[in-house]
Amino acid sequence: MTELPLIGEAAAGAPESRLAGARIGVVTFPGTLDDRDAARAVRLAGGTAVPLWHADTALGDVDAVVIPGGFSYGDYLRAGAIARFAPLMSLIIDAANSDAKLPVLGICNGFQILTESHLLPGSMIKNDHLKFMCRDQVLRVENSNTAWTLDYEAGQEITVPLKNQDGQYIADDKVLDALEAEGRVVFRYLGFNPNGSRRDIAGISNAAGNVVGLMPHPEHAVEVGFGPETALSGSAGVGGTDTDGLGFFTSVLNKIVGGAK
């Protein structure tokens with residue numbers, strides 16, 4: 001059976017064939033809802049998306065992993081608290097901390113899972129206004145040297161969708177100061193802080209830069225005509241285009257095949 005083309009695939013341009021051998025695992029938990037979007041983003045960037053189930057006992061020889069957004073296990077106890085104990089997460093934690101430094105990206109609920117797994121410091125709590133927030137959000141790239149941001153420039157402003165209820169990033173001052181001093185704040189909200197996150201932090205990395213978590217959704221800004229089409233203006237400046245999120249996925253693919261800057 002012939003596979004149907006992806007929405008917006010023609011407009012996105014032909015991906016580089018040299019990237020097709022890179023295998024990016026996309027994890028699904030009960031309650032995950034953005035796994036297919038993340039897999040599509042991987043394919044549009046030129047890589048091969050590999051579906052991973054939370055109960056799997058092997059990573060399937062993947063080169064990187066995306067933990068997508070959603071409401072794993074219904075956010076019971078705390079967002080990400082149950083998913084952290086899934087069999088597959090033990091493998092991801094070990095691989096991320098190994099000498100190989102498996103690249104791992106946690107988006108929204110994936111970010112929450114990474115903090116619960118202690119792959120990233122801090123925690124996520126309810127938005128300070130106690131409401132679900134959905135909007136196009138301007139971000140500033142603070143660190144372009146992680147596995148997932150190599151195709152951006154430090155200081156670059158991008159626009160990607162944001163949708164969360166437990167999106168407020170918190171940590172004590174000691175942790176926050178360390179993140180700032182070590183350059184591990186990867187993204188910062190511009191113009192408007194949508195959830196009360198400390199120091200306007202939208203995304204962070206581990207010390208090695210192979211693990212990145214952020215609340216906004218780059219996988220929803222990868223196709224011409226299907227992302228934030230109008231640049232957002234605010235007190236902090238102007239955002240980007242509807243494909244601003246694609247750089248996350250091309251960054252890790254280029255790193256895997258050896259073409260990263």
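The values are calculated or read from the model by the stated rules, or taken from the named source; none is laboratory data. Computed from a prediction, not measured in an experiment: that's the story for all the values here. Counting neighbours? That spans all protein chains shown, and the Cβs are built from the backbone with ideal geometry, glycine included. SASA here: full protein model, heavy atoms, side chains in, ligands and nucleic acids out. Shrake-Rupley method; radii C 1.70, N 1.55, O 1.52, S 1.80 Å.
Output the number of residues of the range 123-132 satisfying the condition of being open to solvent by 30 Å² or more (accessible area, probe 1.4 Å) and over 12 Å from Ala79 (Cα atoms).
Here is the first cut: in the range 123-132, the ones open to solvent by 30 Å² or more (accessible area, probe 1.4 Å) are 123, 125-126, 128-132.
Now drop any that are not over 12 Å from Ala79 (Cα atoms), which leaves 128-132.
Residues in the range 123-132 being open to solvent by 30 Å² or more (accessible area, probe 1.4 Å) and over 12 Å from Ala79 (Cα atoms): 5 in total.
Results for (1) open to solvent by less than 20 Å² (accessible area, probe 1.4 Å); (2) assigned to a helix (DSSP H, G or I), shown as yes or no for each residue.
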position: Gly21; (1), (2): no, no
position: Ile24; (1), (2): yes, no
position: Leu44; (1), (2): yes, yes
position: Gly60; (1), (2): no, no
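Condition first: closer than 19 Å to Pro218 by Cα, open to solvent by less than 50 Å² (accessible area, probe 1.4 Å) and either assigned to a loop (DSSP other than H, G, I, E, B) or among the aromatic types (Phe, Trp, Tyr) (or both). Now tell me which residues in the range 26-42 satisfy that. Can you show your working first?
Here is the first cut: in the range 26-42, the residues closer than 19 Å to Pro218 by Cα are 26-28, 32-42.
Checking the rest, the ones that are also open to solvent by less than 50 Å² (accessible area, probe 1.4 Å) come to 26-28, 32, 34-35, 37-39, 41-42.
Hit for the range 26-42 is Asp34, nothing else.
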Report summary line: Per the filter on the range 241-256, residues in contact with a strand residue (DSSP E or B) (Cβ under 9 Å, 6 or more places away or on another chain) and either open to solvent by less than 10 Å² (accessible area, probe 1.4 Å) or over 17 Å from Ala39 (Cβ atoms) (or both) are Thr241, Asp242, Asp244, Gly245, Gly247, Phe248, Phe249, Val252, Leu253, Lys255
Report task. Name, by its number, the condition in (1) part of a helix (DSSP H, G or I); (2) open to solvent by less than 10 Å² (accessible area, probe 1.4 Å); (3) in contact with a helix residue (DSSP H, G or I) (Cβ under 8 Å, 6 or more places away or on another chain) that does not hold for Thr149. Result -> (1)
Query raised in the report: Does Gly74 satisfy the criteria of being in a loop (DSSP other than H, G, I, E, B), at pLDDT below 90 and not aliphatic (A, V, I, L, M)?
Result: no
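When you scan the range 60-68, do you find a residue that is at pLDDT 95 or above and acidic (Asp, Glu), even just one? Walk me through how you get there before you give the answer.
Taking the range 60-68 and keeping what is at pLDDT 95 or above, we get 62-68.
Subsequent filtering for residues that are acidic (Asp, Glu) retains 63.
Within the range 60-68 (the criterion being at pLDDT 95 or above and acidic (Asp, Glu)), the answer is yes, since at least one residue qualifies.
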Query - the range 37-51 residues that are touching a residue at least 40 places away in the same chain (Cβ under 8 Å), paired with ones that are in a helix (DSSP H, G or I) and among the small types (Gly, Ala, Ser) (beta carbon under 6 Å, 6 or more apart) - result: Leu44/Ala12
Report summary line: Scanning the range 176-229 residue by residue, those of a type in the set (Ser, Thr, Tyr) and closer than 16 Å to Val104 by Cα turn out to be Ser205
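This table checks each residue for (1) under 30 Å from Asp173 (Cβ atoms); (2) touching a residue at least 24 places away in the same chain (Cβ under 8 Å); (3) over 18 Å from the mean Cα position of the chain (by Cα); (4) open to solvent by 40 Å² or more (accessible area, probe 1.4 Å).
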| residue | (1), (2), (3), (4) |
| --- | --- |
| Pro68 | no, yes, no, no |
| Asp75 | yes, yes, yes, no |
| Leu114 | yes, yes, no, no |
| Val138 | yes, yes, no, no |
| Val141 | yes, yes, no, no |
Requested in this report: Would you be able to say whether some residue in the range 49-57 is of a type in the set (Phe, Trp, Tyr), farther than 25 Å from Gly227 by Cα and open to solvent by 30 Å² or more (accessible area, probe 1.4 Å)?
Outcome: yes
